[in-house]
1. Of (1) touching a Lys or Arg at 6+ places or on another chain (Cβ under 7 Å); (2) at pLDDT below 95; (3) within 24 Å of Met319 (Cβ to Cβ), Met215 satisfies all except one. Which?
2. Can you tell me which residue is most open to solvent (accessible area, probe 1.4 Å) among those in segment 243-271 that are in a strand (DSSP E or B) and not polar (S, T, N, Q)?
3. Do we find a residue being within 26 Å of Val209 (Cα to Cα), basic (Lys, Arg), in contact with a Pro (Cβ under 9 Å, 6 or more places away or on another chain) and surrounded by fewer than 18 Cβ atoms within 10 Å (Cβ to Cβ) anywhere in segment 64-86?
4. State whether the residues of segment 247-256 include one that is touching a strand residue (DSSP E or B) at 6+ places or on another chain (Cβ under 9 Å) and under 18 Å from Ser298 (Cβ atoms).
5. Identify all residues within segment 321-333 that are open to solvent by 40 Å² or more (accessible area, probe 1.4 Å) and either touching a Leu at 6+ places or on another chain (Cβ under 9 Å) or farther than 17 Å from His212 by Cβ (or both); write none if there are none.
6. Identify the single condition in (1) at pLDDT below 90; (2) of a type outside the set (A, V, I, L, M); (3) open to solvent by less than 60 Å² (accessible area, probe 1.4 Å); (4) within 18 Å of Leu300 (Cβ to Cβ) that Asn192 does not satisfy, given that it satisfies every other one.
7. So which residues in segment 36-76 are closer than 22 Å to Arg144 by Cα, touching a residue at least 60 places away in the same chain (Cβ under 8 Å) and outside any strand (DSSP E or B), if there are any at all?
8. With the structure loaded, tell me whether Glu53 is farther than 24 Å from Glu109 by Cα, out of contact with any Pro (no Cβ under 8 Å at 6 or more places or on another chain) and open to solvent by less than 20 Å² (accessible area, probe 1.4 Å) or whether it fails that test.
Amino acid sequence: MDPVGLSLFAKVVIGASLLAAAGGTVTVLNMGGGSAAPPTVPLHVHVATSLFEVRDMPGVPEGPCPGGTGTTSCTKVSQVVKGERGPVQVIPAQPLPQGVSVVYWGCEEGPSSAACSVKADGERTVCATTTSPDDEPARRECLRLTGGRSTGAPQTALVHVELGATDFEVTVAPDTPGTKPCVQPPLNLDQNAGQGAGPPPPRTCEFVVPLHTKMSLSAKITGNTRGFSRPFNGEPEWFGCDEGPASPSPFDPNGRGIDESSGRQEKYANGTGTCTLDLTTGRYVGLSSTDVSDAGASALAGAFAQFPRVHLAPGVTRMPTPQEPPLERVPCSSFGGPAGTECLGTPSNR
């Protein structure tokens, strides 16, 4: 019986085709063929994870590769055709836990990448693990095994949630394992004005997770309106998430009406009821509601109509305070993100 209670295993296949396996497949470069043996170079593949077991890998073991544990910590070396380019891929046959994905080091895509391509122009090491909190030691080991080439490219993603619904308590909960919900109380504008402290403090939630995490955010909004002590009557409305538009769109602040049957505002055209994020970079998103007293919804809808997807550079761990220098526009690829995408970050030469 599987010691972890899951039939999650993996098999290593060399070649273009993937073989069906009981749990997962790891594919590396084509070994080539023909009567004349082409020149080869060593490709070291290390898989380390607490979530599944790789039972069969090609090549010669480099150290122990224990089996029967439901986990993997194994390195083997294969001889691959010099000059060839191809994938190294780990494919669990069963879904990983919600919010967890496989990530790679030592690949052309950069550190902590969601996919892995290798050109066998010399001896190479590829390391694979997952974004699970339990695999944090494995991610550090992957960095070490690949020669620390990723020290200049951070491997975390910041999710910043700008909150509306100032009259109400807002709870934002990510589905990423090990990440705690964020709870923000109602904004006490009267108390702030009495203190003469200037503008109200920001109401935000921030989460830092491994790069390439696939995250879903949920929201709970509760409490009473400030002026009328009326209970919250609305639904969460998200802006800047993957479900929303990817291109700028016109915005009409008066472009939504009120549903007479429920007494709630209708969603803006660029608002969504759910929020999922494929974190190839960090992201800046907004959350308001369809409660008629939520004046912040219009401001968020207008901002995200102009900037529908706001990417934060990998490695940014918090948004700067008003007293700190603002983030600048930088190429995401300079920080381990995708090419052709613009991020907010700190220039690497600063």
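The values are calculated or read from the model by the stated rules, or taken from the named source; none is laboratory data. Because the structure is predicted, anything quoted here is derived from the model rather than measured. So basically every Cβ, Gly included, is an ideal-geometry build from the backbone, and we count neighbours across all protein chains shown. SASA here: full protein model, heavy atoms, side chains in, ligands and nucleic acids out. Shrake-Rupley method; radii C 1.70, N 1.55, O 1.52, S 1.80 Å.
1. Looking at each condition in turn, Met215 falls short on (1).
2. Ile258
3. no
4. Looking through segment 247-256, at least one residue is touching a strand residue (DSSP E or B) at 6+ places or on another chain (Cβ under 9 Å) and under 18 Å from Ser298 (Cβ atoms).
5. Applying the first criterion (open to solvent by 40 Å² or more (accessible area, probe 1.4 Å)) to segment 321-333 yields 321-326, 328-329, 331, 333.
Of everything in segment 321-333, those that are open to solvent by 40 Å² or more (accessible area, probe 1.4 Å) and either touching a Leu at 6+ places or on another chain (Cβ under 9 Å) or farther than 17 Å from His212 by Cβ (or both) turn out to be Thr321, Pro322, Gln323, Glu324, Pro325, Pro326, Glu328, Arg329, Pro331.
6. (4)
7. Ser50, Leu51, Thr71
8. For Glu53, the condition - farther than 24 Å from Glu109 by Cα, out of contact with any Pro (no Cβ under 8 Å at 6 or more places or on another chain) and open to solvent by less than 20 Å² (accessible area, probe 1.4 Å) - is met.
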